[in-house]
Every structure is written in structure tokens, then in C-alpha cells.
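The structure under discussion appears below in the form of C-alpha cells.
FYI, it's all coordinate maths here, none of it is from the lab. Here the structure is a predicted model, which is why all the values come from computation and not from measurement. Neighbour counts run over all protein chains shown; Cβ positions are idealised from the backbone, glycine included.
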Amino acid sequence: MHVPVAIIGAGPSGSLLAWILRQRGIESIVFENRSRAYVEGRIRAGVMEQNAVDLMIRAGVGERLQKECMYQPGVEIGINNTHHFIDFEKLIGIGVTVYGQSEVTKDLLAALDGVGHNVLYETPVTGVSDHHGDKITVTYEEGGVEKTMTADFVVGADGYHGASRKSIPDGGIKMHEKTYPLGWLGIMVKAKQSKPTAFFSFHDRGFALLSMRTPDIQRLYLQVANDENLDEWSDDRIWDELDTRLGTEGWELIRGEIFQKDLAPLRSFFCEEQRYGRMFLAGDAAHIVPPTGAKGLNSAFADISVLSAGLIQHYTKDDSSILDQYSKLAVERNVQTQRFSWANTAKYHIFPGTNSFERRMQQAELEYLVTDETAQTSYAKQHTGLPFAYWPEL
Ligand code: RFL
Ligand code: PHB
């Protein structure tokens, strides 16, 4: 069997690409390791840049997003129990949007389902070969049986642990990685909003973040060690620590039922090239950022915007000029996103071994940010996101 485009992974990157290609009549097949319920239930990102929202709308899958999203004109910043609002909309004319990644994925998979598109769930890809041949080969496991398929192109949208990047021989592309001695303990809570916008808080005991999913569901995080034991964090301990790090006189953090607890170690990783022969890497398969910048999903959508534009141009106009620039354009954008996420992580977290001088300088940097309009404008531009180099013709 041969398909024009074989996509590995039905997360946001793979499902959005499959949907956009389908809109232009370009056939693809999506291989997904896990079940549909698992993919839809994975709680991850929450904050979308305006360009990511616009891509969903342009692709015709933005209806529920527009109805249910929570637009935020800026963010609040906490500095050792003082609160400061940065008004992105006033500074640069746009804010950010809260809409859960699980909702994005549900909307995309439902759209694909609605047109009978081929998404093969519980069908892991075990290898990719012939990257530089006339056609590329995908090996996958269906019902315990190993099978192969060929394609014009493979898109590795299978996340950090996927099979696509692993199929590249050692030295085939250059990669960079940094692990941090930090993790985020995340909770999902049934409660009303304590603040109208996300609240990023620097505190001598460690970073904390108050975010949300809907007016009745809140998402909160605490900086912990990357090997923290979740069992040691009772609900009461979590709430008390959040109060300590987020609280201020005259404001109350509204508590509620915690219905999920998770732990995410922080990591930075990226590939210097996002193409290897006939295989393109997109989203978390090509780059991981610590969540402090809220950039993972947004960078994935930026990749897919350019890649889908390139594939559409290739198949409808017999012109590969965008496709040939994909890797360069994607890496140029991603390296800046990496820089912002890394710098933001350094800004807000307390790293083990730092002394009072270093912590006081971190505090001074944030004090400068909340009082200087030029610094705020730069922060607002980076937080709300860089432009997409190309948009698919839809
Ligand atoms: P995904 O979502 O990991 O999807 C990859 C899919 O590939 C499948 N797969 C395979 N399928 C077939 N064969 C194989 N061999 C396979 N191996 C894997 C997997 O099952 C999966 O379904 O990658 P994708 O699509 O590139 O999407 C990236 C985003 O998920 C990620 O960047 C964001 O969630 C990151 N992120 C955030 N991003 C934002 O833009 N804004 C945020 O506010 C934000 N908050 C976050 C985050 C990530 C977090 N964690 C847990 C890492 C908050 C957290 C805590
Ligand atoms: C979230 O709502 O999950 C969220 C918000 C901001 C971040 C990371 C995650 O930087």
C-alpha cells in the first residue's frame, strides 16, 4: 500500500495536519499508538496564541473553541506575595486564549471522524526506513501483526518519545538538550476562578502558577523537584503551599475538589533540522520546552502551518519551494521560542543551590518588568507569540 502522506501521531500536530490536508483533498493516513479515549483525555496545554486560534478557525474547526474559550487580555505576575497585572492588549493589541489541549484534540479527531478519515488507533509505528529513497517506508504493528506501507512523505508528529526521530541514524541531525532539576506538580480543580487571568508567581519557596480551563475548572501548578513523590503531596499540603506562594493581603485563593494530580519534569530539547530525507519532524517530536512559556502546543501549530502550506503547494501546484524551506523556517522560529521558554524558566524558578544574592537579582528583574513599559512590551510580544512564516491556502 502507498499513501501520499503518512502521519505518525494523532496528537494536536498530527490530527491538525491530517485535517488541513484533507480539506485540500490530499490523502493521508494517521498512525496512533494509543486509544482515542487516551489521546482525548491527556491533560496538557491550556494557553493558545492568537495565531494558533486563527489556524483552527481558518481550518473550519474553531466553532466550539470560539464559543467556549476564555480570552485573556494579559497576565498577572506575583513577586513574593505582591500582585501585578501586565496588560498585553493595551501594550500590543492582543492577548492570549485559554482552551484546553484536550478540547483541541477532541475537535480535530471528531472532524476527521466526521469525514471518515483514516486514523488508525492502537497502531504503533515501529520504524521508518528508506528516508532518502524514491519512497519512504513505515513499519507498524496492527493487531499484533507487523506490516509495512510506503509514502511520498512521512510526518513524525509522535511526540518526544516517538519512533520517527529514533529512525534517524546517529549524527543524521544535530540535537540540543537540557534537563532541569525541576518539575511541575499540576492539579485540576473543580472551583470558581480566583483571578480573571493566568497568574505566574515568583516566590522564595518556588514558582507557582494559577491558570484555568473553564469558569468552573482551574489548573494550578507548583514548582517541585523533578523526581518528587506525588504520594507525599496530600490535598491539604498542596493548598497550603499554593496559599504561601500565591497569597496576598485582601485576596483569597478559592479551593475546591482536586480531581487530577500529575508531575511533569522540565526539559528543553530541539533538533537543528526538522527534515531528514522524505521525513519531516513536527511538534514535540522536534522540540520540547519547559511549560513556563506556554509554547509547546503553539510551536507545534506553527510547524503545521508551514508544513501544511508546503505540502498543499507541492501537491496542488507542483511547487516544492515552501516544503524545501520548512526545516529552516521551523528551526528559526523554534530556537527563539526555546530561548523565551528557557529564560522564563530561569526568571521564575528557584534553582537548587542558589544563594540570597541570586534570588534577590531574580526578584529585581521581575520588579523591573512590572514597572517598565518597554520591558513589558517585549515580554508581551514574546508571550503572545511570533508570527507563522506561512499559512495553508484553505
Ligand atoms: P503529542 O501531544 O505528544 O502527540 C504525539 C502523539 O503521538 C503518539 N505516538 C505514536 N503514535 C504511533 N506510533 C508511535 N510509535 C508513537 N509514539 C507516540 C502519542 O500517543 C501521541 O498521541 O505531541 P504533539 O502533537 O506534537 O503536541 C505537542 C503538545 O502536546 C505539547 O507541546 C504541549 O502539551 C506542551 N504544553 C503546553 N503547550 C502550550 O502551547 N501551552 C501550554 O499552556 C502548555 N502547557 C504543556 C503544558 C505540556 C505539559 N506537559 C505535561 C508536558 C503544560 C504541561 C504540564
Ligand atoms: C495551563 O493552563 O496549563 C498553563 C498555562 C500557562 C503555562 C503553562 C500551562 O505557562
- Query: Across all directions of projection, what mean area in square nanometres is found for the Cα convex hull of segment 266-394?
  - Reply: 9.3
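Give, in nm to one decimal, the length gained when the segment between Ile173 and Asp54 is fully stretched (0.36 nm per residue of separation minus the Cα-Cα distance). Please report the intermediate quantities before stating the final value.
On the way: separation 119, 0.36 × 119 = 42.84 nm, distance 3.18 nm.
So the chain would gain 39.7 nm between Ile173 and Asp54.
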- Extent of the chain along each principal axis, from alpha carbon coordinates, in Å, largest to smallest? 65, 44, 44
- In degrees, nearest 10, range 0 to 90: what is the angle between the Cα axis of helix 321-348 and the longest Cα principal axis of the chain? 20
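Would you kindly state how much longer the chain becomes between Arg64 and Asp87 on full extension, computed as 0.36 nm times their sequence separation minus their alpha carbon distance, in nm to one decimal?
Numbers: separation 23, 0.36 × 23 = 8.28 nm, distance 2.62 nm.
Contour length minus Cα-Cα distance gives 5.7 nm.
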- State, in angstrom, two size descriptors of segment 65-162 derived from its alpha carbons: Rg to one decimal place and Dmax to the nearest whole number. 21.6, 61
- Note on the structure: If each part is reduced to its alpha-carbon centroid, segment 245-319 and segment 149-172 end up apart, in Å, by 18
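Using 0.36 nm times the number of residues separating Tyr121 and Asp318, minus their current alpha carbon distance, what extension gain do you get?
Result for the pair: 67.7 nm of gain on full extension.
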- Query: Helix 356-371 sits at what angle to the longest principal axis of the chain, using alpha carbons and giving 0 to 90 degrees rounded to 10?
  - Reply: 80
- Message: Only counting other Cβ atoms within 10 Å, I'd like His84, His132 sorted with the fewest neighbours first.
- Response: His132, His84
- Relative to the first principal axis of the alpha-carbon coordinates of the chain, what is the inclination of helix 235-246, with its axis defined by its Cα atoms, in degrees from 0 to 90 and to the nearest 10? 70
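Quick one: order Met188, Met361, Met175, Met212 by neighbouring beta-carbon count within 10 Å, fewest to most.
Details: Met188 18, Met361 10, Met175 14, Met212 26.
Placing the least packed residue first, the sequence is Met361, Met175, Met188, Met212.
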- Task: In vacuum, with every alpha carbon of segment 333-394 counted as one equal point scatterer, what does the Debye formula give for log10 I(q)/I(0) at q = 0.26 Å⁻¹? Two decimals, please.
- Result: -1.15
